[in-house]
Structure formats: C-alpha cells, structure tokens
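The values are calculated or read from the model by the stated rules, or taken from the named source; none is laboratory data. Owing to the predicted nature of the structure, the values given are computational and were not obtained by experimental measurement. With ideal geometry, Cβ positions are generated from the backbone for all residues, glycine too; neighbour counts draw on all protein chains shown.
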Amino acid sequence: MTTEGGAAGVNRLEGIARDQAARVLARGLTRHLYQLGMTAIPEVVLPNGRRADLAALGRTGEIWIIEIKSSVEDFRTDTKWRDYRAYCDRFFFASHIDVPQDIFPEDAGFILCDGFGAGIIRHIDRQPVPAPTRKALTIELARLASLRLMTLTDPDARFHDGF
C-alpha cells in the first residue's frame with residue numbers, strides 16, 4: 001500500500017468526486033481481501049434494502065461487509081451502516097490516510113487502503129450470523145456474482161436479480 005505522496009486520486013483523494021474516490025479505494029481493498037482468501041462483490045443490496053459498498057466471502061463461508069468512507073463528511077452523513085451488521089460476521093470501515101481513524105466506532109473493524117492495497121488496522125471479533133441467514137446470503141452473493149459475469153459476457157441482455 002502506498003503511504004506517502006502517490007499519484008492524484010490514489011492517496012490524496014481531495015478534489016475528486018466521492019463515487020470516484022470510493023472506486024479507487026475499493027480497488028485496493030479488493031486486492032487485499034483477495035490476498036486474505038476472500039472474494040469481494042461491490043455494491044450489494046442486502047435483504048433489508050440497504051446497499052453495502054463491499055461484501056466479501058471467505059473460503060470458510062465467513063461474510064464481511066466493508067463500508068468505504070472517502071471523507072469525514074461521508075462518514076458523518078451516512079448512518080445506514082448500522083443496518084448492515086445483521087448480515088455479516090464482521091463489519092469494517094475502510095478509508096484512506098487523510099481521514100482520521102478515530103472517527104470510526106471502536107466496535108467496527110478498520111481497514112486503511114489506497115488504490116493499490118490495504119491493511120487491517122483494527123480487527124474485530126467474529127459475530128456469526130445465524131445459519132439460515134448465512135445460507136441465504138451465500139446463495140445470493142453467488143447468484144449476484146454470476147449475474148454480473150453473465151452481464152459482462154452478454155452486455156446487450158437485460159439480466160436482473162438480487163435480494
């Protein structure tokens with residue numbers, strides 16, 4: 001992970017749109033999750049209708065939800081993340097070096113990331129979701145990943161699915 005200097009839009013995200021900054025951070029975060037044996041799916045609509053920035057599925061079936069925050073304002077204006085915890089074993093915030101880590105709640109994990117990688121700064125204990133919820137989520141994450149691959153191979157088709 002780059003920690004100083006860096007290209008515009010990688011470390012120093014000031015001046016770029018929130019969505020673009022989140023995509024840059026998601027790229028580095030996804031790379032790190034893969035190194036941990038997890039696969040990530042961006043923009044996942046949960047059964048309660050809330051949209052998580054990233055959902056990650058581990059080899060053992062562990063489910064993480066990661067909420068990406070590109071600025072202090074982004075964190076302070078969004079409280080939807082509280083509704084995500086029922087759908088994951090671990091919940092993390094992820095942000096970049098210019099956002100103070102101490103704004104994020106202690107009962108959530110924290111991942112520091114940039115466009116090239118990430119590192120878990122604060123790990124949290126696993127809070128297992130109930131088995132029926134895990135099964136339903138795992139199936140839906142698999143279907144969502146498959147649907148997105150289908151869309152890549154046939155962009156003219158109008159596939160739609162989700163929670």
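Quick rundown of the values:
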| read-out | value |
| --- | --- |
| Residue list for segment 119-137, restricted to those being assigned to a helix (DSSP H, G or I) and surrounded by 14 or more Cβ atoms within 10 Å (Cβ to Cβ) | THR133, ARG134, ALA136, LEU137 |
| Pick from segment 60-85, criterion outside any helix (DSSP H, G or I) and of a type in the set (Phe, Trp, Tyr), ranking: surrounded by the most Cβ atoms within 10 Å (Cβ to Cβ) | TRP64 |
| In segment 28-54, the residues that are in contact with an Asp or Glu (Cβ under 7 Å, 6 or more places away or on another chain) and in a helix (DSSP H, G or I) | GLY28 |
| Filtered residue count, segment 13-27, keeping only those that are outside any helix (DSSP H, G or I) and either surrounded by fewer than 22 Cβ atoms within 10 Å (Cβ to Cβ) or modelled with pLDDT of 90 or more (or both) | 4 |
| Among the candidates LEU57, LEU141, LEU112, LEU149, residue that is surrounded by 16 or more Cβ atoms within 10 Å (Cβ to Cβ) and either assigned to a helix (DSSP H, G or I) or more than 16 Å from the chain's Cα centre (by Cα) (or both) | LEU141 |
| Every pair of residues 6+ apart whose Cβ atoms lie under 8 Å, when the first sits in segment 137-148 and is over 18 Å from ARG85 (Cα atoms) while the second is among the hydrophobic types (A, V, I, L, M, F, W, C) | LEU144/ILE41; LEU144/VAL44; ALA145/ILE41; LEU147/PHE159; ARG148/ILE41 |
| Residue check for LEU46: in contact (Cβ under 8 Å) with a residue 40 or more places away in the chain and crowded, with 23+ Cβ neighbours inside 10 Å | no |
| Hey, ALA94 within 11 Å of the chain's Cα centre (by Cα), within 29 Å of ALA131 (Cα to Cα), surrounded by 21 or more Cβ atoms within 10 Å (Cβ to Cβ) and in contact (Cβ under 8 Å) with a residue 40 or more places away in the chain or not | yes |
